[in-house]
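Note sheet for the following structure.
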Amino acid sequence: MSDRRYGSRFGVMLALVVFVAVQQKVTAACPCDVYNTGGTPCVAAYSTVRALFSSYYGPLYQVNRASDKTTMNIYPVDTGGLANLAAQDSFLKGTTGKVTIIYDQSSEGNNVKRAPGGTEVNHPDSLSTASAKITVAGQSVYGLYMNAGDGYRNDTTKGMPTGSKGQGIYEVVNGKRYGGACCWDFGNAETNNSAGATGTMDALFFGTGYWGKGAGSGPWFMGDFEAGVWSGGSGSSSATNTKDSSITYPYAVGMLKSSASNYAIKFGNAQSGKLNTAYSGNPPAVWKLQGAIVLGIGGDNSNSSYGTFYEGAITSGQPSDTTDSLVLQSIQAAGYGLTTATRPSEAKSPASPFRVCYNPSNSRATIVYALQDARRVSINIYNSQGRHVAEVADGVFSAGGHEAVWDTKRVPAGVYIWKLSIDRMTGATGRIAIGE
């Protein structure tokens with residue numbers, strides 16, 4: 001659109017305003033926003049640290065207080081935000097507490113609770129504590145501190161991949177805390193708490209062990225497919241894959257995705273850098289997934305390993321490589337380990353400068369912008385008294401150019417304020433003059 005003025009009964013007015021955004025904690029879309037945009041929606045999403053959808057403001061987890069056995073749900077401090085650590089600290093003052101429920105943030109309601117007994121360990125597991133204190137974007141939060149013997153499960157899920165349907169998994173964990181026994185898993189498992197044949201599980205394992213190995217001494221992200229844990233390949237689970245590097249990051253990202261004829265293991269640093277592919281190729285068996293969800297245990301309730309879990313999700317469908325990379329970027333933009341509120345994404349605007357074009361001849365104001373990657377965008381109009389007048393955009397938009405149109409036919413003359421938010425954080429503001 002050209003920069004010009006329109007003469008009419010509206011008088012002299014500015015037709016084109018070019019506004020360079022002032023970024024205020026603008027972050028990438030949350031991981032499940034990215035997965036949804038990529039066509040592989042999250043059907044299970046868990047975190048004691050933060051919301052995994054930019055629109056989520058439900059409970060993250062439930063804590064049971066040891067002193068009187070009462071419970072409290074811990075929510076984000078705001079929509080799409082970090083967990084309310086202060087609420088938990090106040091609730092548990094002078095005592096301790098266990099995490100009884102980790103809530104599924106997806107619409108499927110696949111909450112995980114204390115795992116029941118299985119064929120390997122025939123009694124219910126212990127519960128973990130939300131006590132692994134870290135900082136994310138300058139705020140303190142708690143990761144889920146899991147000891148050997150702890151475990152969470154849901155055997156009656158909704159929307160989970162079954163049979164040979166495609167699936168994706170990601171998780172963020174403490175890369176420095178890990179075990180070498182079976183099995184600190186997160187993913188898809190048997191619904192009967194028993195060990196099945198290879199292919200009845202599709203879960204992401206973190207640690208070391210006596211099965212497959214990667215380069216160095218570990219730990220590694222690997223795939224637990226039952227009757228073995230694979231670091232890559234389609235042969236024996238005891239093979240070594242030198243492309244599966246030992247994890248050296250304090251905040252480690254692991255990914256495992258599969259389709260009927262493929263699986264891939266990826267890993268990266270939650271703070272910076274690119275995603276690495278350890279393996280992508282044929283699976284060791286035909287998938288016969290059953291759709292249960294496990295966290296911290298194997299399919300038969302093997303619970304001898306341990307780790308610290310920050311966040312993770314399971315998708316319906318195998319995500320694309322582009323989606324995988326965007327998910328890593330969104331995790332890095334969250335600010336794991338940062339002790340101040342400055343985030344890496346603040347150094348660079350996620351969108352182009354915004355242009356506002358008002359054409360009085362057709363009573364339309366058009367806000368034009370371009371996104372570098374998929375983001376949740378909302379644009380609202382307010383009058384000079386701060387009263388909300390209109391919403392002209394609200395949703396997750398793909399990378400590329402976009403226009404949002406405001407119909408001003410019935411709008412009184414005056415100066416109006418438009419506010420553009422990215423991932424529910426203010427990204428830009430500007431003025432539109434509607435005159436006579």
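The values are calculated or read from the model by the stated rules, or taken from the named source; none is laboratory data. The shown structure was predicted, so the numbers you read here are calculated from the model rather than taken from an experiment. Because the Cβ atoms are built from the backbone with ideal geometry, glycine has one as well, and the counts that use them run over all protein chains shown.
Side notes on the structure shown:
- Yes/no for THR342 being at pLDDT below 95, part of a strand (DSSP E or B) and β-branched (Val, Ile, Thr): no
- Taken over the stretch 90-124, the criterion of being within 28 Å of ALA227 (Cβ to Cβ) and in contact with a Pro (Cβ under 8 Å, 6 or more places away or on another chain) is satisfied by ARG114, ALA115, PRO116, GLY117, PRO124.
- Single condition PRO319 does not satisfy, out of (1) under 19 Å from the mean Cα position of the chain (by Cα); (2) part of a loop (DSSP other than H, G, I, E, B); (3) closer than 23 Å to ALA130 by Cβ: (3)
- Criterion: buried (at least 20 other Cβ atoms within 10 Å of the Cβ), within 13 Å of GLY430 (Cβ to Cβ), modelled with pLDDT of 75 or more and over 30 Å from the mean Cα position of the chain (by Cα) - qualifying residue of TYR358, TYR416, TYR382: TYR416
- When ALA370, ALA374, ALA351 are screened for being within 16 Å of the chain's Cα centre (by Cα), modelled with pLDDT under 80 and either of a type in the set (A, V, I, L, M) or at positive phi (or both), only ALA374 passes.
- Residue satisfying condition, being surrounded by fewer than 17 Cβ atoms within 10 Å (Cβ to Cβ), in the same structural domain as GLY175 (by TED's automatic domain parsing), in contact with a Pro (Cβ under 9 Å, 6 or more places away or on another chain) and farther than 18 Å from ALA203 by Cα, within set SER234, SER246: SER246
- For the stretch 216-227, taking the residues that are farther than 13 Å from TYR263 by Cβ and not acidic (Asp, Glu), the one that is surrounded by the most Cβ atoms within 10 Å (Cβ to Cβ) is identified as TRP220.
- Contact map, the stretch 33-51: first residue assigned by TED's automatic domain parsing to the domain that holds ASN84 and under 16 Å from ILE293 (Cβ atoms), second residue part of a loop (DSSP other than H, G, I, E, B) and at pLDDT below 95, Cβ cut-off under 8 Å, separation 6 or more or different chains; pairs are CYS42/PHE53; ALA45/PHE53.
- Condition check for SER164: modelled with pLDDT of 95 or more and within 28 Å of ALA334 (Cα to Cα): no
- Breaking point among (1) in a loop (DSSP other than H, G, I, E, B); (2) of a type in the set (Gly, Ala, Ser); (3) within 16 Å of the chain's Cα centre (by Cα), for ALA313: (1)
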